[in-house]
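Heads up, the thing below is written out as structure tokens.
Just so it is clear, none of the values below were taken in a lab; they were calculated from the coordinates. Note that this is a predicted model, so its numbers are computed, not measured. Positions of Cβ are backbone-derived with ideal geometry, glycine not excepted, and every protein chain shown enters the neighbour counts.
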Amino acid sequence: MNLEDIKRIKGLLSTPQRIAIIPHKNPDGDAIGSTLGLWHYLNNMGQNATIVSPNDAPKFLKWMPGSDKILNFEVENSQAVRVLKEATLIFTLDFNHLGRVGQMQSNLEEATAEFIMIDHHQEPSDYALVTYSDVTMSSTCEMVYNFINFLGDTDKITAEMANCLYAGIMTDTGSFKFSSTTSTTHRIVADLIDRGAKNTYIHNVVFDTNSPSRLHLLGCALKNMVILEDYATAYITLSQEELDTYNYKKGDTEGFVNYGLTLDGIRFAVIFIENKEEGIIKISFRSEGDFSVNEFARAHFQGGGHHNAAGGKSDVSLKETEEYFVSLLPKYKNDINQL
Ligand SMILES: [Mn+2]
């Protein structure tokens, strides 16, 4: 953000605004952590802010202070619609394209409010008065910390905010191990702990909440893993039938894709998950090094994301998707293997 943007935002926030804060659909730790962190900050300064989420957040994020105040567009629709209509200022966090909010898209497009985007994904669209976009950032939570810092309010970060922001940085960096984690990230995280983030507690409530059926589903996923050493690639398939067998609940497959990368010599990991209800195969891509899964997902699987972590989908069957994927690999062999 440049000085002009900071001045503009200070000007906007110097008068009472009706503010809506929006995470992307299927919000993750970073989306919920950043929206809640900002929500506490704005309300503490006397603004009237409401978080409107396109759909529900997973259970392992519901410990975050304020999460019970999030409006769910799918469930509390009329209230959510009113908030968006009456808003004078809308913050969109952890996404940069209005297509990422699902059914809520038209409500955002018709809103008369000014938009402020805070996000770290590639290729932001041009819908905001202020676009704070930085793909080098570990997480939107790190950017919300910076945002508050730019406004000269670092000392106004409360323990509640610190816990939310810490959780988002922790989840989006794979517990501080992805290459987007910088020394600055660690300094920010240290400061958040000083301000009251309970780091051990957060790790426990986010990661150590497995159900027996989820661990059994993980066992199934690992058994299904196909390892293609020539392409330094490992991929997992999960059919709807398998998901049903293990009593799949939303969020259960979170992180499964990363197991492929823990194999020695594997640099590209993928998971294909059948979703009969939506008639699609949901796909997650992870890579190590120079190979861009963002470009791969954009080129072949109607998706995108970050350089080393992206998502996509396929409209053909699980089997056909798998075959198509394997057929693409020879073209990328050198890119994947490059160190
Ligand atoms: Mn994020």
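Of all stretches in the chain that contain no trypsin sites (Lys or Arg not before Pro) in a DSSP loop with at most 12 other Cβ atoms within 10 Å, the longest one is 1-176.
Compute the length gained on full extension between residue 7 and residue 105: take 0.36 nm times their separation in residues and subtract their Cα-Cα distance, giving the result in nm to one decimal. Please report the intermediate quantities before stating the final value.
Working: separation 98, 0.36 × 98 = 35.28 nm, distance 2.88 nm.
Once the chain is fully extended between residue 7 and residue 105, it gains 32.4 nm.
Among 152, 174, 99, the largest mean-square fluctuation in a Gaussian network model of the chain (Cα springs under 10 Å) belongs to 152.
With neighbour counts taken as other beta-carbon atoms within 10 Å, the residues 314, 211 rank, fewest first, as 211, 314.
Applying 0.36 nm per residue to the separation of residue 179 and residue 211 and subtracting their alpha-carbon distance, the gain on full extension is 8.5 nm.
If a spin label sat at a point 7 angstrom from the Cα of residue 244 along the line to its beta carbon, the backbone N atoms of the stretch 276-300 nearer than 18 Å would be those of 276-282.
Report the residue, chosen from 159, 310, 299, that carries the largest GNM mean-square fluctuation when the chain is represented by alpha-carbon nodes joined by springs under 10 Å. Comparing 159, 310, 299 in a Gaussian network model of the chain, the most mobile one is 299.
Relative contact order, percent, of the stretch 89-199 when contacts are C-alpha pairs under 8 Å separated by at least 6 residues? Contact order relative to length: 22 percent. Could you check which residue among 263, 84, 192 shows the biggest mean-square fluctuation in a GNM of the chain with a 10 Å Cα cutoff? Among 263, 84, 192, the largest mean-square fluctuation in the Gaussian network model of the chain belongs to 263. Compute the helix-to-body angle for 183-194: its Cα long axis versus the longest principal axis of the chain, expressed 0 to 90° and rounded to tens. Compared with the principal axis, the helix lies near 60 degrees.
Rounded to 0.05, the FRET efficiency of the residue 135 and residue 333 pair, given R0 = 25 Å and the Cβ-Cβ distance, is 0.40.
Placing a label point 7 Å from the Cα of residue 224 along the Cα-to-Cβ direction, the residues of the stretch 280-302 with a backbone N closer than 20 Å are 280-287, 301-302. Within straight-line reach of residue 313, meaning a Cα separation under 23 Å, sit the following lysines at least 8 residues removed in sequence or on another chain: 25, 223, 249, 250, 276, 282, 331, 333. Express in whole angstrom the spacing between the alpha-carbon centres of the stretch 277-339 and the stretch 94-121. A separation of 25 Å, based on Cα centres.
The angle between the Cα long axis of helix 318-337 and the main principal axis of the chain comes to about 80°, on a 0 to 90 degree scale. Here the gap between residue 204 and residue 317, fully extended at 0.36 nm per residue and compared with their Cα-Cα distance, gives a gain of 37.0 nm.
Just from its helices, what would the mean residue ellipticity at 222 nm be for the chain, if runs of 4 or more DSSP H residues each count -39500 (n - 2.57) and the sum is divided by every residue, rounded to the nearest 500 deg cm²/dmol?
-12500 deg cm²/dmol
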